Each structure stands twice: as structure tokens, then as C-alpha cells.
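One structure is given below, encoded as C-alpha cells.
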Amino acid sequence: MDLSREHQELVDFFSGRELPTGPQNINEYSVLLNLSGAVKTRLQQLDSEVEATRKSAALMLCEVKDWLIMNTSAE
């Protein structure tokens, strides 16, 4: 792998091209350049959402259990 040749090919390819430079495009470029970091961050977000959903479901089930116990003992 000749990195200097590949580097020059990239320079030649992008020279003279207008690239979008808005905030959204900059964000997309940074994600592309740091793909493993972006994937890791997204997985952490998903894990956090899953944990929050589990806690919420557990709380609801506890409330249902308590309601059933109270209604069963009242009969």
C-alpha cells in the first residue's frame, strides 16, 4: 500500500471540488471520520434507553402487582 500515492490521489480528486460546509455536513463528515466512536456512542445511547425502558416496565409491573394484591385481599 503506497500511502503517499493514495494521499495524492485523494488530493487530486477533491481539489477544485466544492464541498458542502454547513453545520449538518460538518457533523456528517466528523461521524464518517470517527465511525467507530460514533457507533460506540450510539450503542451507549441505545443501552441507556433499554435500561430506562426496563426500569419503567418494572415499576409498572410492581404497581399492577400491588393493585392486584390490594384487590384480592379486599374480596
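The values are calculated or read from the model by the stated rules, or taken from the named source; none is laboratory data. Keep in mind the model is a prediction, meaning the values are calculated, not measured. When we count neighbours, we look across all protein chains shown, and the Cβ atoms used for this are built from the backbone with ideal geometry, even at glycine.
List every residue pair whose Cβ atoms lie under 8 Å apart, where the two residues are 6 or more positions apart in sequence or sit on different chains, the first residue falls within segment 1-16 and is surrounded by 10 or more Cβ atoms within 10 Å (Cβ to Cβ), and the second residue, located anywhere, is assigned to a loop (DSSP other than H, G, I, E, B) and modelled with pLDDT of 80 or more.
none
Residue-wise test of (1) assigned to a helix (DSSP H, G or I); (2) modelled with pLDDT of 90 or more; (3) basic (K, R).
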| position | (1), (2), (3) |
| --- | --- |
| H7 | yes, no, no |
| V11 | yes, no, no |
| L19 | no, no, no |
| V39 | yes, no, no |
| C62 | yes, yes, no |
